[in-house]
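Q: Pasting a structure here, questions to come.
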Amino acid sequence: ETGVTQTPRHLVMGMTNKKSLKCEQHLGHNAMYWYKQSAKKPLELMFVYNFKEQTENNSVPSRFSPECPNSSHLFLHLHTLQPEDSALYLCASSQDQDVEGNTGELFFGEGSRLTVL
Amino acid sequence: GIQVEQSPPDLILQEGANSTLRCNFSDSVNNLQWFHQNPWGQLINLFYIPSGTKQNGRLSATTVATERYSLLYISSSQTTDSGVYFCAVEPRAGNNRKLIWGLGTSLAVNP
């Protein structure tokens with residue numbers, strides 16, 4: 001138990017579906033992240049929210065839409081995905097020193113395994 | 001940008017053996033973290049170690065920032081140590097909060 005919970009753990013969707021991934025952290029952290037993990041590739045940072053403000057968007061296609069309603073919850077809305085978007089999506093949180101501070105120790109959820117048909 | 005290289009890429013151990021995993025990085029960093037990903041995908045933070053040495057049970061880590069490398073030591077390995085070990089660094093230059101990840105060392109510990 002890392003204090004970061006992701007749902008669902010597994011998701012299968014067609015290219016025309018709309019679905020959402022949910023992440024909740026119980027650690028009182030001020031930063032939350034979405035990462036994508038594909039086989040044989042380094043972890044890819046998708047989005048960062050720090051103090052509820054989105055501070056990173058690493059050229060992620062608009063079919064991925066993040067939402068951070070408060071410092072404990074993070075969503076990733078999925079729409080018209082492609083088969084190459086199939087991957088493990090990981091949520092993480094950290095306590096950063098300040099808005100421009102160094103990344104604190106990262107705590108990850110168990111991941112959401114997404115398959116796009 | 002900064003490069004992070006981990007070695008070896010794959011490692012097979014007999015239970016009880018010791019091992020050393022290495023992480024090299026090509027530029028100055030603000031911090032370095034070691035993670036273990038179990039076969040079910042869960043990533044666990046092992047060490048937050050921008051410099052110096054830390055120990056946690058059978059695991060220890062040393063980062064020599066001036067020489068741009070970090071080592072993760074696993075002693076008396078157990079089957080539960082199997083999985084992938086990742087090193088991630090935050091470059092001192094450029095955009096903060098973007099950790100750069102290595103490709104990992106895949107470890108299998110056989111009983």
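The values are calculated or read from the model by the stated rules, or taken from the named source; none is laboratory data. Source: prediction; values computed, not measured. Virtual Cβ from ideal backbone geometry, glycine too; neighbours counted across all protein chains shown.
Q: What number of residues within segment A:1-28 are under 16 Å from residue A:87 (Cα atoms), of a type in the set (A, V, I, L, M, F, W, C) and in contact with a strand residue (DSSP E or B) (Cβ under 6 Å, 6 or more places away or on another chain)? Let's see the steps before the verdict.
A: First, pick out the residues of segment A:1-28 that are under 16 Å from residue A:87 (Cα atoms): A:6-15, A:19-22.
When the remaining residues are screened for being of a type in the set (A, V, I, L, M, F, W, C), the result is A:11-13, A:15, A:21.
Okay, now just the ones that are also in contact with a strand residue (DSSP E or B) (Cβ under 6 Å, 6 or more places away or on another chain), so A:11-13, A:21.
Of the residues in segment A:1-28, 4 are under 16 Å from residue A:87 (Cα atoms), of a type in the set (A, V, I, L, M, F, W, C) and in contact with a strand residue (DSSP E or B) (Cβ under 6 Å, 6 or more places away or on another chain).
Q: For segment B:75-96, enumerate the residues that are surrounded by fewer than 16 Cβ atoms within 10 Å (Cβ to Cβ) and closer than 29 Å to residue B:14 by Cβ. So that I can check it myself, show each step before the final result.
A: Of the residues in segment B:75-96, the ones surrounded by fewer than 16 Cβ atoms within 10 Å (Cβ to Cβ) are B:75-76, B:78-80, B:92-95.
Answer for segment B:75-96, where residues must be surrounded by fewer than 16 Cβ atoms within 10 Å (Cβ to Cβ) and closer than 29 Å to residue B:14 by Cβ: B:75, B:76, B:78, B:79, B:80.
Q: Pick out the one residue from A:40, A:18 that is within 21 Å of residue B:40 (Cβ to Cβ), modelled with pLDDT under 95 and exposed (fewer than 15 other Cβ atoms within 10 Å of the Cβ).
A: Values: A:18 fails: within 21 Å of residue B:40 (Cβ to Cβ).
Result: A:40 is the single residue among A:40, A:18 that is within 21 Å of residue B:40 (Cβ to Cβ), modelled with pLDDT under 95 and exposed (fewer than 15 other Cβ atoms within 10 Å of the Cβ).
Q: Can you pull out the residues in segment A:29-79 that are of a type in the set (S, T, N, Q) and in contact with a strand residue (DSSP E or B) (Cβ under 7 Å, 6 or more places away or on another chain)?
A: A:30, A:37, A:38, A:50, A:54, A:55, A:57, A:58, A:65, A:72
Q: Considering only residues that are surrounded by 13 or more Cβ atoms within 10 Å (Cβ to Cβ) and more than 12 Å from the chain's Cα centre (by Cα), look in segment B:51-74 and name the one that is farthest from the other protein chains (Cβ to nearest Cβ). If you could, list the steps in order and put the result at the bottom.
A: Within segment B:51-74, the subset surrounded by 13 or more Cβ atoms within 10 Å (Cβ to Cβ) is B:51, B:53-54, B:58-63, B:65, B:68-74.
Keeping just the survivors that are more than 12 Å from the chain's Cα centre (by Cα) gives B:51, B:53-54, B:58, B:65, B:68.
Numbers: B:51: 13, B:53: 17, B:54: 12, B:58: 20, B:65: 14, B:68: 17 Å.
Checking each candidate, the answer is B:58.
Q: Right, here's the next one. Report the residue count in segment B:16-33 for those that are without any contact (Cβ under 8 Å) to a residue 60 or more places away in the chain and either more than 15 Å from the chain's Cα centre (by Cα) or more than 11 Å from chain A (Cβ to nearest Cβ) (or both).
A: The initial filter retains those residues of segment B:16-33 that are without any contact (Cβ under 8 Å) to a residue 60 or more places away in the chain, namely B:18, B:20, B:22, B:24, B:26, B:31-32.
Going one step further and asking which of them are either more than 15 Å from the chain's Cα centre (by Cα) or more than 11 Å from chain A (Cβ to nearest Cβ) (or both), we end up with B:18, B:20, B:22, B:24, B:26.
Total satisfying the criteria: 5.
Q: Would you check if there is a residue in segment B:19-33 being in a strand (DSSP E or B) and more than 18 Å from residue B:102 (Cα to Cα)? Steps first, answer last, please.
A: Of all residues in segment B:19-33, those in a strand (DSSP E or B) come to B:19-25, B:29-33.
Cutting the leftovers down to more than 18 Å from residue B:102 (Cα to Cα) gives us B:19.
Yes; the residues of segment B:19-33 include at least one that is in a strand (DSSP E or B) and more than 18 Å from residue B:102 (Cα to Cα).
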